[in-house]
Amino acid sequence: MTVPVPSEPTASDQQIRVLQLYPRDMNIYGDYGNALVLMRRIQWYGFTPVMLSYNPGDEFPEDVDMLIGGGGQDSGQDRIQQDLLGIGDRLRGLAEQDTPMLMICGLYQLFGHFFETRDGSRISGVGVLDVETYGTDNRLIGNVVSESADFGQIIGYENHSGQTYLGPTAEPLAQVVVGEGNNQRDPHEGARYRNVLGSYLHGALLPKNPAIADFLIGTAVRQKFEQELPAFEAPQSAPVSLQTLTEHAREAAAARPR
């Protein structure tokens, strides 16, 4: 299904097609904000955004430039699991082709090998990321400040009882400064394999961390058009600049106690 994007003039008819996985079941704590940020920033870079959605039973689109997915309750994971496993080969193939992806919380877990619940049962994942997740009685909740060599300071909000551990082919997305991140044993937050990013950070993540949004967009543009991103041109009509609003949001989140 194609989701209409609010009209705004663009300098190009070159399309960037973004596929949102399971927005009906995996879309909590503001994760749809990630889609909105990508749509606007793609427009501001002069390309034409096309937002696609994929839910259980849908036909997987042939032409996809970027994938994003959010978090959900355990019931949401249950509803999508069999369908997700059914498109696993397609997802793994896209990852190996360096397609940019961002998966948050519940889909971050299911992009790993498995989620083992507290009672010992396992929910299989698609293995795009070399991570394993184990359910616990401890809920990790609150704002997180982390540091990344690629994206600088990453700020977001975590709320999860599953604790995730990285295998040898996954590298951490960031190192935690404030908060917990993946688990209570190591300082890692999120995971990365090639251009696939997984993170526990909601809030939504991309409005407060535009460097990650630009990585996703820039990678998609290079992959599809073999060119670098042009100069960024945010709207000039707002009374406060986009950069100022972003910094205020980051500062407020970082200062809020857990």
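Remarks
- The set of residues from region 173-211 being closer than 23 Å to Thr136 by Cα and small (Gly, Ala, Ser) comprises Ala174, Gly179, Gly181, Gly190, Ala191, Gly198, Ser199, Gly203.
- Looking only at region 193-225, and only at residues there that are within 11 Å of the chain's Cα centre (by Cα) and assigned to a strand (DSSP E or B), the one that is surrounded by the fewest Cβ atoms within 10 Å (Cβ to Cβ): His202
- Region 214-254, residues that are of a type in the set (Phe, Trp, Tyr) and at pLDDT below 80: Phe232
- Positions within region 1-31 being β-branched (Val, Ile, Thr), at pLDDT below 90 and surrounded by 17 or more Cβ atoms within 10 Å (Cβ to Cβ), in sequence order: Val5, Ile28
- Criterion: surrounded by fewer than 15 Cβ atoms within 10 Å (Cβ to Cβ), over 19 Å from Leu206 (Cα atoms) and of a type outside the set (S, T, N, Q) - qualifying residue of Asp119, Asp150, Asp130: Asp119
Every residue, every condition in (1) modelled with pLDDT under 95; (2) under 30 Å from Arg250 (Cα atoms); (3) of a type in the set (Val, Ile, Thr), yes or no:
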{"position": "Gln43", "(1), (2), (3)": "yes, yes, no"}
{"position": "Asp58", "(1), (2), (3)": "no, no, no"}
{"position": "Leu91", "(1), (2), (3)": "no, no, no"}
{"position": "Glu116", "(1), (2), (3)": "yes, no, no"}
{"position": "Arg122", "(1), (2), (3)": "yes, no, no"}
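- Residue in region 28-41 that is farthest from Ala211 (Cα to Cα), counting only those that are in a loop (DSSP other than H, G, I, E, B) and not hydroxyl-bearing (Ser, Thr, Tyr): Ile28
Matching residues to (1) without any contact (Cβ under 8 Å) to a residue 40 or more places away in the chain; (2) part of a helix (DSSP H, G or I); (3) more than 14 Å from Pro100 (Cβ to Cβ):
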| position | (1), (2), (3) |
| --- | --- |
| Met26 | no, no, yes |
| Gln43 | yes, yes, yes |
| Asp58 | no, no, yes |
| Val64 | no, no, no |
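- Among residues of region 155-191 being in a strand (DSSP E or B) and free of Cβ contacts under 8 Å to residues at least 24 places away in the same chain, the one that is surrounded by the most Cβ atoms within 10 Å (Cβ to Cβ) is His188.
- Residues located in region 115-143, provided they are among the β-branched types (Val, Ile, Thr) and out of contact with any helix residue (DSSP H, G or I) (no Cβ under 7 Å at 6 or more places or on another chain): Thr117, Val131, Thr136, Ile141
- Among the residues examined, Ala204 does not qualify as touching a residue at least 24 places away in the same chain (Cβ under 8 Å) and more than 20 Å from Ala249 (Cβ to Cβ).
- Residue within region 220-232 that is without any contact (Cβ under 8 Å) to a residue 24 or more places away in the chain, over 24 Å from Ala35 (Cβ atoms) and touching a strand residue (DSSP E or B) at 6+ places or on another chain (Cβ under 9 Å) present: no
- Residues of region 82-121 that are assigned to a helix (DSSP H, G or I) and closer than 18 Å to His160 by Cα: Gly106, Leu107, Tyr108, Gln109, Leu110.
- Qualifying positions in region 128-152 - among the β-branched types (Val, Ile, Thr) and either at pLDDT below 95 or closer than 19 Å to Lys208 by Cβ (or both): Ile141, Val144, Val145
The values are calculated or read from the model by the stated rules, or taken from the named source; none is laboratory data. Just so it is clear, the structure is predicted and the values come from calculations on it, not from any experiment. Cβ: placed from backbone, ideal geometry, glycine included. Neighbour counts: every protein chain shown.
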